[in-house]
Every structure is written in C-alpha cells, then in structure tokens.
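As structure tokens, the structure follows; a few thoughts come after it.
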Amino acid sequence: MARAYHMLGLTHLAIPFYKKVFDELSKGISNSGREDLVVDTAYNLQTLYAIGGNPELAKDITRKWLVI
C-alpha cells in the first residue's frame with residue numbers, strides 16, 4: 001500500500017504504511033525472509049523525506065535502517 005500511494009504522489013498516505021513496517025519489526029514480529037522489504041521501505045521513506053525537503057529525517061532513516 002505504501003509504495004502504491006507513494007507512486008501516486010499521495011505521500012501523506014504512504015508514510016503511515018511505511019512506518020508500519022518498522023513498527024512491526026520493533027515489536028519483535030518475525031521478519032525472516034523480509035530483510036529486503038525493510039531495506040526497500042527504508043530507502044523509499046528516506047527518498048520521500050529527502051525530496052520533500054526534510055534531509056534530517058532522511059539522514060535518521062539512513063542511519064537507523066540502511067547503514068550496515
């Protein structure tokens with residue numbers, strides 16, 4: 001859903017769905033086989049924030065989810 005909203009330019013609707021992926025991971029819900037989903041989510045959210053003019057949030061997402 002997040003990616004679909006993002007592609008349609010409805011970023012205000014995409015953000016909660018992107019954050020839901022991180023919330024589920026933080027709650028300890030298994031992510032076995034979903035590492036690519038987390039990386040894709042982080043990249044998309046980081047890009048959304050960077051293009052939207054919020055480089056600090058983009059950096060925070062990058063540091064927390066994309067740096068190995």
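The values are calculated or read from the model by the stated rules, or taken from the named source; none is laboratory data. Note that the structure is a prediction, hence the values are computed from the model and not measured. The protein model used for the area step is the full one, side chains on, heavy atoms only, and it has no ligands, DNA or RNA in it. Shrake-Rupley method; radii C 1.70, N 1.55, O 1.52, S 1.80 Å.
List of remarks:
- Rolling a 1.4 Å probe over the protein heavy atoms of the chain, with every protein chain left in place, gives an accessible area that is 59 percent carbon and sulfur.
- Helix-only arithmetic for the chain: the sum of -39500 (n - 2.57) across DSSP H runs with n ≥ 4, divided by the residue total, places the mean residue ellipticity at 222 nm at -20500 deg cm²/dmol.
- Proximal lysines to K59, defined as alpha-carbon separation beneath 21 angstrom and excluding residues fewer than eight positions away on the same chain: K19, K20
- Between the Cα long axis of helix 35-51 and the first principal axis of the chain there is an angle of about 20°, rounded to the nearest 10.
- Expressed in units of 2.2 N^0.38 Å, where N is the residue count, the Cα radius of gyration of the chain is 1.06.
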